[in-house]
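No lab work stands behind these numbers, since they all come straight from the coordinates. Quantities reported herein were computed from a predicted structural model and do not represent experimental measurements. Virtual Cβ from ideal backbone geometry, glycine too; neighbours counted across all protein chains shown.
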Amino acid sequence: MTAPVAADAQVDAQVVVENLVKRFGDFVAVDHASFRIGHGEIMGFLGPNGAGKSTIIRILCGLLRPSAGRVSVAGIDVARDPELVRQRIGYMSQKFSLYRDLTVEENLRFFGGIYRVPRGELAERMRFAIDMAGLGGREKTLVGTLAGGWQQRLALGCAVLHRPPILFLDEPTSGVEPKSRRRFWDLIHALAADGVTVLVSTHYMDEAEYCHRAALINQGRIIATGSPDALKHTALGGELLLIECEALGPALAALRQQAPGVIDASVFGNAIHVLVRDADRGIDELPAYLERRALPPIRIERINPSLEDVFVQLIAADAAKRRQAA
Amino acid sequence: MRVRRIKAMVVKEVLQVWRDPRSLIIALLLPFTQMFLFGYGINLDLKHLPICTFDREGSQFSQDLLKRFQASLYFAIAENVKTYPQLAAAIDRGDCQAGIVIPPDFSERLNDTGSTSVQAILDGTDDNTANIALGYAATVVTGYSNDVRISALARQGRALQQVLPLAVQSRVWFNEDLESRNFIVPGLVAVILALVGAQLTALTISREWERGTMELLVSTPVTSTEVMVGKLIPYLVLGWLDAAFCLIVAALWFDVPFRGTFATLFLTTTLFLIVVLGIGYLFSVLIHSQIGASQIALVATLLPAMLLSGYVFPIDQMPAFIQKVTYLIYARYYVTIIKAIFLKGAGIADLLAPILFLAIYALAVVALAARAFRKRLA
Ligand SMILES: Nc1ncnc2c1ncn2[C@@H]1O[C@H](COP(=O)(O)OP(=O)(O)OP(=O)(O)O)[C@@H](O)[C@H]1O
Ligand SMILES: [Mg+2]
């Protein structure tokens, strides 16, 4: 079940992935993934541990060979000409991979040399990266001694030093304090505004809101793609109600049985989130249904689903589907 | 290959080595300590070996011969004994390590037949010393017998010049004063370079794997050849410095005669360095941990260089099969080359065969290393 891809991404796709499969031995880490990312678009990868986010990103960078499927970046087939692709991308790996025993400046100079940033531009590009990372005055500091947020911003600085049109950022904000995370996303947005295409993976569900589009990945499969709004409104396949009740357990069980119009229900904190076909009908019918079972609701109201609701719902549905198939 | 990228690699590598105590110790301290430790520690020379003499004749001739033993640097007469049991006791007590017995008919047979013999009794518990002592004793005796024969012939009225070409002269070539150090120290340079060179590069790629920096490096446009060249250049320079240090210590501190040319030395040392650096690099690529790579490199370079290169243990005294194996040991060629440069003053023309072998080795190792490190991971 792949949600429709936003129309604009089709036109000017910088990243095209079709039926990508990656196996490690018998284990299928990526299972027929397909998506596109448009010019200047920020695409988010979300999913639990081991979902296959890093694996897809590493294939896009030409670090892993796809087992099957087609992958093109900046119009270049990655399997055919990975070196050409590498000129056009910037990559931040999940594990910090700048040289900790080199200073801020030495790292930048190294990547400037490796990417052959024109000598006349290098000083200005280094200045840009240092300012962007907020590392002015720390040019001579060993990178290993910087705090996490600074390290990550410097890694971004190194990745954009050669002005790549496409950026792959694998969990750039993990382990970074909230304020620094916010600042990091501002940087990503500034880059996208300049026309840079960005693929960014994250563990933080709330960060999906900062993306133009997000793809939800579970066990190697992309189970939904769309803008945060579209995901919230269409991916669930229904509308969301919040029900508060004395006895959560029995109420949940009752709602999951033949409650009218209910697709699914799950506990969220001390309430139940109920996915229904139609919110208005649900508010009409569900209180009576629960009262008949001596479980009168304290509160029932329509809520706007958060992306977390959507993801929890979708992953649960995906798991159920796999169980059935098995 | 892009010079700019290679330069960036070189600068980065130099900075990392400069800040890595482990690399610095290997590059700077190891050659120093090894050179002096082994230069002094391994000394196969026998000087002033204590001997006992048992002169059963007591003639002018026998005393002449014994004086030669006394005069020789190799021996010092510790005791003059009168019986075999005394001799055996002296050896058992360790007062002397060899006995020279002159038979009662020594001068008689010398006069009659022109040939006579001397008995050497050796303490066989130290096989090596015994062998060397025997060799030295033979030299002393041969020298004496030649003199005797020449003077006898002279007495018979023949011109000395006519006789000399016929004289059997045992002469030690290239290392006239029989200093074993002169043999060992040049070979020691080879062993140290093999050890240090491979250790340095063994760390270089595995360090990138271990610290996770390889992931990013591979995602950049740098090619595997550029990585290899950029990483080998700084270590080649370090290797040259180490080689210069060891060679200078060999020539100036240990007084090993240097008779060759610097050009030959430079060319062959560079070839050898490329081989050992390449081997370290290869292990570094294959084994993703610094410890693992450096240990395997240690075993793969040091052991063969110590045991099978002919640096201390002469190859022609090894079993036939092992002798064949030594042809695979690249250190063997450099040991041969460097000894020949030092002691014989050999030039490139004299060393074509070992140089060719080293060059083939260098090419093969570099080609293997370049193939082993491919950027695409899996
Ligand atoms: N080189 C490899 N060999 C074997 N299995 C691998 C390899 N790389 C990844 N995997 C497996 O593939 C699956 C997907 O891993 P991947 O790193 O892509 O997940 P992820 O979504 O990035 O997870 P995380 O959020 O923890 O980073 C995991 O089960 C992982 O164990
Ligand atoms: Mg990951």
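Per residue of the stretch B:294-303, what does 6.51 cos²θ - 1.76 cosθ + 1.60 with θ = phi - 60° give for ³J(HN,Hα)? Whole Hz please, x for Gly and Pro, Karplus curve as stated.
Values per residue, Gly and Pro as x: 6, 5, 5, 4, 4, 5, 6, 9, 6, 4 Hz.
Taking B:LYS324 as the anchor, which aspartates and glutamates have their alpha carbon closer than 19 Å to its alpha carbon, excluding any fewer than eight residues away along the same chain?
B:ASP316
Sequence gap at least 6, Cα distance under 8 Å: using those rules, report the relative contact order of the stretch A:237-304 to the nearest whole percent.
Contact order relative to length: 45 percent.
Take the cross-link list B:LYS47/B:LYS339; B:LYS67/B:LYS339; A:LYS140/B:LYS231; A:LYS22/B:LYS7; A:LYS95/A:LYS179 and give me the ones stretching past 28 Å between alpha-carbons.
From the list (B:LYS47/B:LYS339; B:LYS67/B:LYS339; A:LYS140/B:LYS231; A:LYS22/B:LYS7; A:LYS95/A:LYS179), the Cα-Cα distance tops 28 Å for B:LYS67/B:LYS339; A:LYS22/B:LYS7.
So what is the relative contact order for chain A, in percent, with contacts set as C-alpha pairs under 8 Å and at least six apart?
Relative contact order for chain A comes out at 19 percent.
Tell me, what ³J(HN,Hα) does each residue in the stretch A:272-278 have, in order and in whole Hz, if you take phi through Karplus 6.51 cos²θ - 1.76 cosθ + 1.60 with θ = phi - 60° and put x for Gly and Pro?
10, 9, 10, 8, 10, 5, 9
How far is it, in nm, from the label point at B:ASP105 to the one at B:VAL3 when both lie 7 Å from their Cα along the line to the Cβ?
8.5
For the protein assembly as shown, give the magnitude of the charge dipole about the Cα centre (Cβ charges: +1 Lys/Arg, -1 Asp/Glu; no others), in debye to the nearest 20.
1280
Based on Cβ point charges of +1 for Lys and Arg and -1 for Asp and Glu, what charge dipole magnitude is obtained for the stretch A:237-304 about its Cα centre, in debye rounded to the nearest 20?
160
Under the rule a/c < 1.5 gives rounded, and otherwise a/b versus b/c splits prolate from oblate, where does the stretch A:40-180 land using the Cα gyration tensor?
Verdict is oblate for the stretch A:40-180.
Enter the Cα centre distance for the pair the stretch B:1-72 and the stretch B:271-344, rounded to the nearest angstrom.
So the two Cα centres are separated by 17 Å.
Once a ≥ b ≥ c are taken as the square roots of the eigenvalues of the Cα gyration tensor of the stretch A:114-267, is the result rounded (a/c under 1.5), prolate (a/b larger than b/c) or oblate (a/b not larger than b/c)?
Prolate, since a/c reaches 1.5 and a/b exceeds b/c.
Roughly how many whole Å is it from the C-alpha centroid of the stretch A:120-149 to that of the stretch B:79-122?
85
Could you pull out every residue, at least 5 positions away or on a different chain, whose amide H is within less than 5 Å of the one on A:THR103? Hs are placed 1.01 Å off N in the peptide plane, and Pro or chain starts have none.
So A:THR103 has HN proximity to A:VAL143.
How would B:PHE342, B:PHE266 line up from fewest to most surrounding beta-carbon atoms within 10 angstrom?
B:PHE266, B:PHE342
How large is ³J(HN,Hα) for each residue in the stretch A:123-135, as worked out from phi by the Karplus curve 6.51 cos²θ - 1.76 cosθ + 1.60 (θ = phi - 60°), to whole Hz, x for Gly and Pro?
Working through the residues one at a time gives 4, 5, 5, 5, 4, 4, 5, 5, 5, 4, 7, x, 9 Hz.
Taking the mean number of other Cβ atoms within 10 Å as a proxy for protection, how do you rank A:211-218, A:245-252 from highest to lowest?
Going by the mean number of other Cβ atoms within 10 Å, highest first, we get A:211-218, A:245-252.
Once amide H atoms are built 1.01 Å from N in the peptide plane, which residues 5 or more positions from B:LEU122, or in another chain, come under 5 Å H to H?
B:GLY99
Just the projected area, averaged over all directions, of the convex hull on the alpha carbon atoms of chain B: how many nm²?
23.9
No partner Cβ under 4.7 angstrom, meaning no disulfide-compatible partner by this rule: which Cys of chain B qualify?
Singleton cysteines: B:CYS246.
Using modelled backbone amide H atoms (1.01 Å from N, in-plane), which distant-in-sequence or interchain residues come within less than 5 Å of A:THR197's amide H?
Distant-sequence amide H within range of A:THR197: A:GLY40, A:ILE166, A:LEU167.
Calculate the mean, over all residues of peptide B:216-229, of how many other protein chain Cβ atoms lie within 10 angstrom of the residue's Cβ.
Whole-number average of other-chain Cβ neighbours for B:216-229 is 6.
Kindly provide the trypsin sites (Lys or Arg not before Pro) of the stretch A:78-164 that DSSP labels as loop, not H, G, I, E or B, and whose Cβ sees at most 10 other Cβ atoms within 10 Å.
Sites meeting the loop and neighbour criteria: A:ARG80, A:LYS140.
For the residue pair A:ARG23 and A:PHE128, what label-to-label distance in nm results when each label sits 7 Å from Cα along the Cα-to-beta-carbon direction?
With each label point 7 Å from Cα toward Cβ, the separation is 4.4 nm.
Relative contact order, percent, of chain B when contacts are C-alpha pairs under 8 Å separated by at least 6 residues?
The value is 19 percent.
According to the square roots a ≥ b ≥ c of the eigenvalues of the Cα gyration tensor, what is the shape class of the stretch B:223-356, taking rounded for a/c under 1.5, prolate for a/b larger than b/c otherwise, and oblate for the remainder?
oblate
Given q = 0.05 Å⁻¹, what are the Debye log10 I(q)/I(0) values for the protein assembly as shown, with equal point scatterers placed on the Cα positions and solvent ignored?
Values, matching the q order: -0.46.
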